[in-house]
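Notes follow once the structure below has been shown.
The values are calculated or read from the model by the stated rules, or taken from the named source; none is laboratory data. Just so you know, these numbers come straight off a predicted model, no measurement behind them. Ideal geometry is used to build each Cβ from the backbone, glycine not excepted, and the neighbour counts take in all protein chains shown. For the accessible areas, the whole protein counts, side chains as well, though only heavy atoms, and no ligand, DNA or RNA atoms are used. Shrake-Rupley method; radii C 1.70, N 1.55, O 1.52, S 1.80 Å.
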Amino acid sequence: MHFRMSTPGKIIMYIFLVLIVIITLVPLVYTAGASVKTNFEIAQGGIKPFPDHPTLDNFKQVWGMNSVGLSNNATYADYTKNSVIVSLMTVCFVVFFTSMSAYCFQRGNFPGRDILYWIFMGTMFVAAGSVTMFPLMQITSKLGLNNRLGVAIVQFSTAGASNLFLTMGYLKTISKDMDDAARIDGCSFFSIWWRIILPLSKPILATIALMSFRGSWNNYLMPMLMLTKRSEWTTLVVAVVKLQSTGGSGATQYNLMMAGTMLAAMPMVILFLIMNKMFVQGITQGAVKG
Amino acid sequence: MAKVILSGVRRTYEDGTEAVRGVDLTIEDGSFFVLLGPSGCGKTTLLRMIAGLDPVTEGTIEFDGRCVNGEEPKKRNTAMVFQNYSLYPDRNVYRNIAFPLESLHRKAEEIDRKVTEVASLLDITNILNRKPRTLSGGQKQRVALARALVREPSVFLLDEPFANLDPSMRKALRSDLLAIHAKTKCTFLYVTHDQAEAMEMGDRIAVMKEGKIEQTGSPMEVFRNPVNTFVAGFLGRPKTEIFPASLLPGEKSILADCGAFRLTFPKERFRDPAVLDGEKAQAGIRPDSFVRTEDPAGFTVILSDLHKMGAKTEAVASFEDRSFHVLLGGEGLTEGPLRLAVREEEALLFDEDGRSLLLPVPVEDVPVRAVPKAFSEDAAEQDDRSGFARFFGTFFSGWWDLLMLNLLFLVSCIGIITIPAAVTAMCRIVIAMEEEEVYFLWKDYWKAFRKDFFRSLLGGVILAALLYAFAQAGRFYGQLSATRGYLLFLGAVMFGMFLLVCITGIWFFPMHAMVDLPVTTLLRNAFVLAVSNLKKTLPAIAAAIVSFVLIGVMLWPYSVLYIISYMFSLTALICVWFVYPEIRRRVIIKE
């Protein structure tokens, strides 16, 4: 159905949209601008988003600093490496296990499947951050998992249900005759997944991988809580916040913070700009077909 | 190359539906066997059982004397072609055909040789590098045939393979398939609902109806000697016309009076010539058994609705208040009165229950290989009520059903509202305390309880109303199967929650709206206390899981709804039970 809107309606809608865009973009523009200002200029205030003489010194300083945040011997590059490691591990877990469990729930037929599924789905309605924060910390530290691997495991498992939901929606669109054909052609339950389902569910897995990468990269709470033992393992997002207390002069170094933030956010922004179609496609696919 | 013997094969689904109700069948080695029947008669299920895709509930399936029940499909060495091709979309044609050989871990040279061989046999060498989505229907089905042929199966199963193709393509593929059969000498089992296809292709056909084999034989045998009115009606187009008749036994022959015309059957054609005078029967006349006549013994009909089909003309003939299809030869047919007669030697005669009264007419050149056994089970009583009605119907009936249902929901509602409120009020007081010892005042408790109670009330009422509405819907719209019903419902709820979450960005919004804050606060607080005493709470977690499962089993098929609605209150209760010592330790209760 084609939906038509009257001209005043359109105007109101555009005003509304522009407002939302402004509200969303102002902090970003401010951050970008402040990252090329000196701390003195930032303190001066004013509405000018970009300075007359932009400088990249802040970035140089942040990147080359030897004592960023909590640790004395870790640099910004180390934190970037940590973020990449944690995010990549999360993505690997998510892609591998979500695809596997979605296949089992969708195609498998084992006693208690439905009950297990609904309990699993029920975890979607428990806010992972606040309700389970304390137990998670306790459990991971007791298991000796308060390291980068542990963060990846926690991030993978707390997002499990919604990823599973999306993937199962996609698997439903793959005809079950395909499984039957593969069984006749000599595949076992596992090899059907490995040889047929996994290659076919590439689009949705790519979406999930992207979303988990983004979620993991931007996650603040879990790395902050879990990686306190060895602070050189901390991720970029956590380190950025700690930048405010560095610089030596005692005053909050906003210029360094902003440059750090830009460095932390850039990979995600670039990734999104390249892959935004996949983000949107995957989510709508899951929604419609699920 | 295998001989397939089915004896007493049955398939009952989990919900009690019987798809196949005792089939005995012998499929000779190297024959082209066609399973024919209307949609939903269980022929595809039977095929899937032979392939090993569906389990056999009862009876045995033998390949060359080896019982294959419970054997994995790959061990049976069957190949199957599906109606919708089922090609692997991410592989090109070559890799699709090679797939079964790859599964068998064959060497690359052997795979290459066989794929090329089969591709040239089916004339698809020019499309080996293309992906399935770029192919036409006919090409896809050729690829599917090639994939099935390449592993040289002992039994070749085809599930309506040409149903999605246009007629000319179908024709071409049919003759190709027959050529392949002649060349490979493999046992073919072909499922179709198209009687013309069955007549054309099969060495032998079996006609199925409602999970049972009605008749087995060569196509002509079955066509000439249908055992009952169903088979007579199913084979041949237009359909065989059935006329009610009464029998008049004579000395050497028996006369069947059909009103419009009379048919004379010699007594030696009857299975049992001892018929009563005036016994009711049914005469089956194929539309092409009617002929034009000038003989006064004929009967006059009014022809209408003429369709010229080349040499023959199909028309509707009316005699008094009855009309039937006729297929007449010759030129110069016009609408209006016409004198007809019936070729008596082609007429069929059935008793009142539709079973044939006549002995089979010998049909030339066809060896009789398999004879179906007689089946005598009663049609199982079909319970078409929804799972909900079935479940409650076992306990209650009529208005009891309704009353008990309402009572059940009343109890649920009270549970949903009160338990969390009571528990939360308790926890609030406990958690709020900062000093080591707290004075517990009932007055404070009731205050907290009232506050939580009214909050919960709103959420509880909404939840209860949803449950109630859904239950009533399930009751009155029995057509909707239980599973679909609650999946639909839960799907809708989840989607609504998703929307809310998307719009508000508040993850917990649905929970606030439904059962409100108490439960979440409680869970959070209980968790903190519980985890700090992990040893003590492990049995509690186990108890919670066991209770969920028990409730789920008890209330099947509505367990999902109940589990979700009870989950929170039950967890709360159990948590509080274990947190209670903590409360006792730290709280001094004052009356």
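Working with all protein chains in place, sort A:233, A:217 by solvent-accessible area computed with a 1.4 Å probe, largest first.
Per-residue accessible area, sorted high to low, gives A:233, A:217.
State, to one decimal in nm², a quarter of the convex hull surface area for the C-alpha atoms of the range B:60-203, i.e. the direction-averaged projected area.
9.3 nm²
Rounded, prolate or oblate: pick one for the range B:184-316, where a ≥ b ≥ c are the square roots of the eigenvalues of its C-alpha gyration tensor, a/c under 1.5 means rounded, and failing that, prolate if a/b is larger than b/c, else oblate.
Cα axes put the range B:184-316 in the oblate bin.
List, by residue number, every residue in the range A:95-117 with a reduction of 20 Å² or greater in accessible area between the chain on its own and the complete protein assembly, 1.4 Å probe.
Residues losing area: A:114, A:115.
Hey, what number do you get for chain A at 222 nm if only DSSP H runs of n ≥ 4 count, each worth -39500 (n - 2.57), divided across all residues, to the nearest 500?
It lands at -21000 deg cm²/dmol.
Quick one: how many Å² of residue B:68 are accessible to a 1.4 Å probe, rounded to 10?
In the full protein context, residue B:68 sits at about 0 Å².
Among B:236-242, A:220-226, how do they line up by average Cβ neighbours within 10 Å per residue, starting with the highest?
A:220-226, B:236-242
Mind giving me the FRET efficiency for residue A:104 and residue A:157? R0 is 22 Å, r the Cβ-Cβ distance, nearest 0.05 is fine.
0.85
Which value, in Å², gives the accessible area per residue of the range A:56-289 when a 1.4 Å probe is used on the protein heavy atoms?
Computed with neighbouring chains in place, this is 45 Å² per residue.
Count, for each residue of B:158-169, the Cβ atoms from other chains sitting within 10 Å of its Cβ, then give me the mean as a whole number.
That works out to 0 on average.
Please report the buried accessible area for the interface of B with A, total over both chains, probe 1.4 Å, in Å² to the nearest 100.
That pair of chains buries around 3500 Å² in total.
Quick one: grab the alpha carbon gyration tensor of the range A:159-211, order the square roots of its eigenvalues as a ≥ b ≥ c, and give me rounded if a/c is under 1.5, else prolate or oblate depending on whether a/b is larger than b/c.
Note, shape of the range A:159-211 comes out prolate.
What do you get for Rg/Rh of the range A:56-289 when both radii come from the Cα atoms and Rh is the Kirkwood radius?
In the range A:56-289, Rg relative to Rh is 1.06.
Given R₀ = 35 Å, FRET efficiency for residue B:302-residue B:166 by Cβ-Cβ distance, to 0.05?
Step by step, r from the Cβ atoms, then E = 0.40.
How big is the dipole moment of the range A:56-289 about its Cα centre under a simple scheme where the beta carbon of each Lys and Arg is +1, that of each Asp and Glu is -1, and everything else is neutral? Debye, nearest 20, please.
60 debye
Which shape class, rounded, prolate or oblate, goes with the range B:34-141 when its Cα gyration tensor gives a ≥ b ≥ c as root eigenvalues, a/c under 1.5 marks rounded, and past that a/b bigger than b/c marks prolate?
It is oblate, given that a/c is not under 1.5 and a/b is not larger than b/c.
Quick check: convex hull of the Cα atoms in the range B:119-170, volume per residue, rounded to a whole Å³?
So the per-residue hull volume is 91 Å³.
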